[in-house]
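Novice: The structure that follows is given in the form of structure tokens.
The numbers here are math on the coordinates, done by the rules we state, and not lab data. For clarity, every value in this text was computed on a predicted model and none was experimentally measured. Cβ atoms come from the backbone with ideal geometry, glycine included; neighbour counts cover every protein chain shown.
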Amino acid sequence: MMTLTLDDAVDPRTLRADFVAAMGNAATGVTVVATDGSAGRFAQTVSAMSSVSADPPSLLVCVNRRSPLADAAARNGVFSVNVLAVDQARVSDVFAGRAADGCAPYDFGCARWLPLHTGAPALAGASAVFDCRLATHHEHGTHRILIGEVLASSVTDAAPLVHHARAYGSHRPL
């Protein structure tokens, strides 16, 4: 059993290290957020994605402020959220900035992309895709929180890719 103390919460180095370790134990879905438009075409692997509301349909993603995606999505006003399928770990690596199987980091040529109604790119074969118009964005700490109004969404039979403890996996019902 773990006991939290006030002293642990006060030391910023301990707080950060404990936070990173605890977040590493949180299983998350793996998404690639993509945008296209006058500000450019960019995509990045993102694990911080969540539903905001069903009325109106909306979601949020958190993107590091230093990423070209953060500025481009805000300026383009549109983005897609592509929930990766279990066979798309390579795509996750490419858009996390790691070269994989002959693809350079952030190389759209590593997979097949289709244009959505907004013009944002959709990853073919993804488990689910959301086509979003930017509703608002906020900066907090090192990240920009993009809130998107979902204009359309689709789902396939493909099982989603999961990330836990710095490794990819898949969901298994109990």
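Novice: Counting Lys +1, Arg +1, Asp -1, Glu -1, what net charge surrounds Ala128 among other residues with beta carbon under 15 Å of its beta carbon? Don't skip to the end; give the middle numbers.
Specialist: Values: positive: none; negative: Asp87, Asp131, Asp157.
So the surrounding residues net to -3.
Novice: Find how much the distance from Ile145 to Asn64 grows on full extension, using 0.36 nm per residue of separation minus their present alpha carbon separation; answer in nm with one decimal. Could the numbers behind the result be given before it?
Specialist: On the way: separation 81, 0.36 × 81 = 29.16 nm, distance 0.88 nm.
Gain on extension, Ile145 to Asn64, equals 28.3 nm.
Novice: How long are the semi-axes of the equivalent ellipsoid of segment 55-161, defined as square roots of 5 times the Cα gyration tensor eigenvalues? Whole Å, largest first.
Specialist: Working: eigenvalues 96, 66, 29 Å².
Each semi-axis is √(5λ); the values are 22, 18, 12 Å.
Novice: Output the peptides 137-150, 57-70 sorted from most to least packed, where packing is the average of other Cβ atoms within 10 Å over each peptide's residues. Present the calculation step by step, with values, prior to reporting the outcome.
Specialist: Values: 137-150: 16.1, 57-70: 19.0.
Highest to lowest by the protection proxy: 57-70, 137-150.
Novice: Compute the normalised compactness of segment 14-76: alpha-carbon radius of gyration over 2.2 N^0.38 Å, N being the residue count.
Specialist: So the Cα radius of gyration is 1.34 times the expected 2.2 N^0.38 Å.
Novice: Now for a separate question. Which order do peptides 20-33, 119-132 fall in by mean Cβ count within 10 Å, highest first? Walk me through the numbers before you get to the answer.
Specialist: Working: 20-33: 15.8, 119-132: 22.6.
Ranked from most to least packed, the peptides come out as 119-132, 20-33.
Novice: So between Ser51 and Arg98, what do we pick up on full extension, going 0.36 nm a residue minus the alpha carbon distance?
Specialist: 14.2 nm
Novice: List the Cys residues of the chain that have no partner Cys with a C-beta closer than 4.7 Å.
Specialist: Among the cysteines of the chain, those whose Cβ sits 4.7 Å or more from every other are Cys62, Cys132.
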